[in-house]
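The block underneath contains the structure these notes are about, expressed in structure tokens.
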Amino acid sequence: MSEADISKLRRQAIDLIASTRAVAVRSTLFGFLIKQASKGTAEHTEALANLDNQIISLTRVCEIMKGSDPKKVLPEVLVTWVSDTATAERSTQAAVNQLLNRCCKVRDAAKREESVDRPLEELRKCALGSLFQTISDFCDRLWHTLDETRNQKLVLAEESTTTTLNTLVRMERIGKHMKLVSLNASVEAARLGDEGRGLGVIATEFKTLAEEIQSLSDSARTQISGV
């Protein structure tokens, strides 16, 4: 999996956690619809089904915070990243678990055809309490960790680039020296005449190598500049 794919999945993981705030609002809304609709009607059945869907979403978030993704979409390294952060800050995990528990109580009461008034009021208080701020703070910590990781990679990339450029400078010096040696060898070969023919061939090879070194260096500098 490429670094771009990992980065995309990290953002998806944070968005999934952040969506808990919307799930809290929707769950409360569907709870009120369950309360208002007559049992056995299409409206009551639909509201109950919608609440079930919110419970499924919350369950997945809770499991990810514990260290596993039921849908197997997020790789283990990202699940561990989220769960480690949640473990360090247990208030977020407790808040999501509480929201899930309240939603389940409303659903279970409705399925037993009991009054949902009390569990719905508990859900409302939970959804409209400190949950929003808790989730927002948790997502901010995840983003902060992501930014720190990105900055660390940038620093390493800069250090690697500096090392590479220093190596290129040394290569260019070697190339210039080889070019000078080839020039001197050519002059000496010309002075010796036929006896210097072999030296002339060597001089030509040195010149070719020097030019190739310069070409490779120029190409590398262009690539580094592009990055």
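The values are calculated or read from the model by the stated rules, or taken from the named source; none is laboratory data. It should be emphasised that the depicted structure is a prediction, and the values quoted were computed from it without experimental measurement. Cβ placement follows ideal geometry from the backbone for every residue including glycine, while neighbour counts extend to all protein chains displayed. Please note that ligands, DNA and RNA were not included when accessible areas were found on the heavy atoms of the full protein model with its side chains. Shrake-Rupley method; radii C 1.70, N 1.55, O 1.52, S 1.80 Å.
Tell me, please, whether a residue that is without any contact (Cβ under 8 Å) to a residue 60 or more places away in the chain, farther than 14 Å from Leu142 by Cα, of a type outside the set (Gly, Ala, Ser) and surrounded by 12 or more Cβ atoms within 10 Å (Cβ to Cβ) can be found in segment 32-43. Step through it out loud before you land on a result.
Of all residues in segment 32-43, those without any contact (Cβ under 8 Å) to a residue 60 or more places away in the chain come to 33, 36-38, 40-43.
Narrowing further to those that are farther than 14 Å from Leu142 by Cα: 33, 36-38, 40-43.
Retained after the next criterion (residues that are of a type outside the set (Gly, Ala, Ser)): 33, 36, 41, 43.
This time we only want the ones that are surrounded by 12 or more Cβ atoms within 10 Å (Cβ to Cβ), so: 33, 43.
Yes: segment 32-43 contains one or more residues that are without any contact (Cβ under 8 Å) to a residue 60 or more places away in the chain, farther than 14 Å from Leu142 by Cα, of a type outside the set (Gly, Ala, Ser) and surrounded by 12 or more Cβ atoms within 10 Å (Cβ to Cβ).
Of all residues in segment 125-165, those being open to solvent by 80 Å² or more (accessible area, probe 1.4 Å) and either in contact with a Leu (Cβ under 7 Å, 6 or more places away or on another chain) or at pLDDT 90 or above (or both) number 2.
Evaluate the following for Ser225: is it open to solvent by less than 70 Å² (accessible area, probe 1.4 Å) and either out of contact with any strand residue (DSSP E or B) (no Cβ under 7 Å at 6 or more places or on another chain) or at pLDDT 75 or above (or both)? Show your work before the answer.
Values: open to solvent by less than 70 Å² (accessible area, probe 1.4 Å): no; either out of contact with any strand residue (DSSP E or B) (no Cβ under 7 Å at 6 or more places or on another chain) or at pLDDT 75 or above (or both): yes.
The answer is no for Ser225.
Looking across segment 102-115, the residues that are closer than 12 Å to Ser27 by Cβ and open to solvent by less than 10 Å² (accessible area, probe 1.4 Å) come down to Cys103, Val106. Kindly indicate the residue of segment 46-101 that is within 30 Å of Gln36 (Cβ to Cβ) and of a type in the set (S, T, N, Q) and also surrounded by the fewest Cβ atoms within 10 Å (Cβ to Cβ) among those meeting that condition. So the residue we want is Asn53.
Table: residues versus (1) touching a helix residue (DSSP H, G or I) at 6+ places or on another chain (Cβ under 6 Å); (2) assigned to a helix (DSSP H, G or I); (3) of a type in the set (S, T, N, Q).
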site	(1), (2), (3)
Ala185	yes, yes, no
Ala190	no, yes, no
Thr208	no, yes, yes
Glu212	no, yes, no
Arg221	no, yes, no
